[in-house]
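Worksheet for the structure shown next.
The values are calculated or read from the model by the stated rules, or taken from the named source; none is laboratory data. Everything numeric here is computed off the predicted structure, so don't read it as measured data. Glycine gets a Cβ as well: all are built from the backbone with ideal geometry, and neighbour counts include every protein chain shown. SASA here: full protein model, heavy atoms, side chains in, ligands and nucleic acids out. Shrake-Rupley method; radii C 1.70, N 1.55, O 1.52, S 1.80 Å.
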Amino acid sequence: MSEHVSQTNRVLSYPKGGKPAIITNEWQVWHGDETELSNLNPKQKVLVPFSWWLMHGQAQVKDSTSELAKRIQEKTIGVWFAADDDILKHLDVIEAGKSIWPLVGADFPVFRDGRSFSTAALLRERFHWTGEIRAIGDVLIDQLILGARSGFDSFALRADQNTDVALKQFDLFSVRTQNSWRDCRSQLSNQLTEAV
Amino acid sequence: MYKYDYIDQTLVNERVTQFKDQVQRRIDGSLPEEEFRPLRLQNGLYHQRHAYMLRVAIPYGLLSSEQLRTLANISEKYDRGYGHFTTRQNIQFNWIKLEETPAILADLAKVQMHAIQTSGNCIRNITSDAFAGVAADEYVDPRPVCELLRQWSTLHPEFAFLPRKFKFAVCGAKEDRTILLCHDVGISLKKNTNGELIADIYAGGGMGRTPILGSLIKESLPWNVLPSYLTALLRVYNRFGRRDNIYKARIKILVKALGPEEFARQVEGEWASIKDGDDNFQQSEWDRVAKHFTKPAYKTAEQISTEDLVQSALENERAAFARWLERNVKAHQVPGYASVIFSLKPHGSVAPGDATTEQMLAIADLADQYSFSELRVTHEQNLVLADVEQARLLELWHKAKAQNVVLPNIGLLTDIIACPGGDFCSLANAKSLPIAKAIQERFDDLDYLHDLGEISLNISGCINSCGHHHVGNIGVLGVDKDGQEWYQITLGGEQGNHAAIGKVIGPSFGAEQIPDVMADIIDTFVKHRTADEPFIETYRRLGVTPFKEAAYLNRSKESSAAGATA
């Protein structure tokens, strides 16, 4: 690491069409079990578990006097999807969420678990989600390209990951052989198809 | 043969750089082994019993002579002078140093080869018919589709961390030579009545611990929508395949749990939303790829009868040459041509599928001289020259003899499929190579082997069944009991259009008993067969009982005799 600082407060942001950069993390991931949401600083931007949102969030949205409704209005609430959340079973909730949540996350409980790549792909393809999708959990350097192409545009890297190496990942490949959220396959996007 | 364009070559070159960086981070300690493991596996690099093993992809089994020379040079420079051709049409090197892998990959990239996705929980090297494009019984040349799918699956971002490995096979002939139904996805290509290329999709097949034959889940899919359909299929598997238990993580378990109809329905549901998207192949892509699989410059030649071919040999060679023509030479689409199989199963001397540096170099020369500089790797672990003029078969036979690859045992009992087993593989419970060797030594009489006719014998050193023992007419599976190596026998397996999973006949045997057990099974077959009936038909007619009785009767005599002397 170039600087010996904790990187939990840092997020790698890689907007579609933009450049990768390390930015300050404004969002806390709340797991729903360690404390009550109301115990968190009301100004803190929080990603709540999607399962919690289904149980508690929706009802409170309708009650404009609730604390959650206030947070929603202030755009300080988003949700994160667990790897085993079946988002296709909640089409309406997510459709409504598009105008409510400024950010959604998808979790990697362990780096080997690739379900959230499909979650991100579905959010982009099926829901036409245009907002930010953040990879959270066990997010490692060598998953960044996969995530960026599946639909993620920010990454809360695990604290021990080297940000210098991370930032260089997106320059490794200049071509691709299948479509993704970011680009279509090189074969269709340019004419550099002469045999070598 | 397919030639990389700028995009393919750039991708492979950039992949070398990426992996070099990952290896460097492993060596400097910034990447822990646990996190490096899936990365190296996705590049075919295993950590085996003695050393690292590198598995190099041979997409759909097709190889140029130049590529084979590079493989030979790698075996010389970085290994111990040989390579092992595998049941997935790959080649692996057993004695690799981690720090040398980037250099090997760079050598491979120069001849348009790589090791991408030859292992790991991702889409593996796509296999196909070793006789694609030349087989007399072919409906459709599967290679353009294989190549398009190779590209589509290479470094696919969404499917690099699947629940488990994922294997495709593609077939386009009347006779299935790909074990289509033992794959996670089998793609059967044909043409509809309008002459359009379509695919039937089978899913949920596989061997391993729970052998299951795949189920037909989609019929008559137009070729160009394969990417969107397969994305939908893999997405369902990625999301709902089991991750809690490695033994239940393959797609076959998901398909079985849901039932093929429900699985197909879910795929269909997913596909409905992406089927009209821009993922699908375009005609321009087909045109670009397919032009590499046109027919080579065949001469106009008369078909030569086997009789005339045999007569062209010297009298003292005729019997041996005729036997080679019968077993190792296959019919071709073009008159006057044939396909030749080089046996990598010399009796009792090397591991099935092994080829030395010298052999690889010499075979590359033979491919240049006799077969348009191309070769094929079969899933039975042999090599094929696909386009040989019949008139030059005798000459080729003479030259190939010097390389010890003309043993006429193709399809016979000693054409054994075997994984590297406990001699190399760290997963294995038992050795496979000494078992193969002992059986080949016992059944060394070629006349007898020819009389026995077609019998497939497959050996796996563990339940992962890399030796495909489930589909061998006779299967041998190494098992571990209290730290000792034992061998379980299955009978009745078959590959091809009548694919079947063999049945275990009973308690396992000690290694030293296996040649005798084989002899008892074979004797039973000989005793009961009618005329030229193949083993599998005799087995189907009689059932397992007589074979089982024969296998255990002598063993119980042996143990009581041993008991009497003790």
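For a quick size check, give me the Cα extents of the protein assembly as shown along its three principal axes, largest first, whole Å.
Result, largest extent first: 99, 68, 55 Å.
Which lysines have a Cα lying under 19 Å from the Cα of A:Lys19, excluding residues fewer than 8 positions away in the same chain?
Filter leaves A:Lys168.
For the pairing of chain B with chain A, what total accessible surface becomes buried, with a 1.4 angstrom probe, in square angstrom to the nearest 100?
Chains B and A together bury approximately 3900 Å².
May I ask for the longest run of chain A untouched by GluC sites (Glu not before Pro) that are loop-located per DSSP and have at most 13 neighbouring C-beta atoms (other than their own) within 10 Å?
That would be A:75-193.
What ranking of B:His398, A:His90 comes out by heavy-atom accessible area, probe 1.4 Å, highest first?
If we order B:His398, A:His90 from most to least accessible, we get B:His398, A:His90.
Give A:Lys16/A:Lys70; B:Lys330/B:Lys503; B:Lys527/B:Lys548; B:Lys77/B:Lys97; A:Lys43/A:Lys70; B:Lys299/B:Lys330 a once-over and call out the pairs whose C-alpha atoms are over 21 Å from each other.
Beyond 21 Å between Cα atoms: A:Lys16/A:Lys70; B:Lys330/B:Lys503.
Calculate how steeply helix A:115-125 sits against the longest principal axis of the alpha-carbon atoms of chain A, using the helix alpha-carbon long axis, and give the answer as 0 to 90 degrees to the nearest 10.
Helix A:115-125 sits roughly 90 degrees off the main axis of chain A.
Give the value in nm², to one decimal: projected area of the alpha carbon convex hull of chain B, averaged over all directions.
27.6 nm²
Grab the DSSP H runs of chain B that are 4 residues or longer, score each as -39,500 (n - 2.57), total them, divide by all residues and round the 222 nm result to the nearest 500 deg cm²/dmol.
Result for chain B, helices only: -11500 deg cm²/dmol.
If you filter region B:236-344 for GluC sites (Glu not before Pro), then keep DSSP loop positions with at most 10 other Cβ within 10 Å, what is left?
B:Glu302
Students sometimes get this wrong: rank A:Arg126, A:Arg115 by accessible area, probe 1.4 Å, all chains present, largest first.
Descending accessible area places them as A:Arg126, A:Arg115.
Relative contact order (percent) for region B:309-392, with alpha-carbon contacts under 8 angstrom and 6 or more residues of separation?
30 percent
Under a GNM of chain A (C-alpha, springs under 10 Å), which listed residue has the highest mean-square fluctuation: A:Gln161, A:Gln178, A:Gln28?
A:Gln178
Sort A:Phe152, B:Phe372 by heavy-atom solvent-accessible area, probe 1.4 angstrom, most to least.
B:Phe372, A:Phe152
Measuring with a 1.4 Å probe in the full set of protein chains, what accessible area per residue, in whole Å², belongs to region B:442-566?
I get 45 Å² per residue for this part.
Mind telling me which of A:Thr35, A:Thr24, A:Thr119 comes out most flexible in a GNM of chain A, alpha-carbon contacts under 10 Å?
Largest GNM mean-square fluctuation: A:Thr35.
Might you tell me the accessible area per residue for region B:199-300, computed with a 1.4 Å probe and given in Å²?
With all protein chains present, region B:199-300 gives 44 Å² per residue.
For chain B, list the cysteines whose Cβ sits under 4.7 Å from no other cysteine Cβ?
For chain B, the answer is B:Cys122, B:Cys146, B:Cys171, B:Cys182, B:Cys425, B:Cys462, because their Cβ atoms have no other cysteine Cβ under 4.7 Å.
Over chain B, what is the mean sequence separation of C-alpha contacts under 8 Å (at least six apart), divided by residue count, expressed as relative contact order in percent?
Rounded, it is 12 percent for chain B.
Excluding B:Ser64 itself, what net charge comes from residues whose Cβ is under 10 Å from its Cβ, given Lys and Arg +1 and Asp and Glu -1?
Charge balance in the 10 Å sphere: -1.
Students often forget the sequence filter, so: which lysines lie under 22 Å Cα-Cα from B:Lys3 once same-chain residues fewer than 8 apart are removed?
Correct list for B:Lys3: B:Lys110, B:Lys291, B:Lys295.
If I model a spin label as a point 7 Å beyond the Cα along the Cα-Cβ vector, how far apart are those points for B:Tyr448 and A:Lys98 in nm?
7.4 nm
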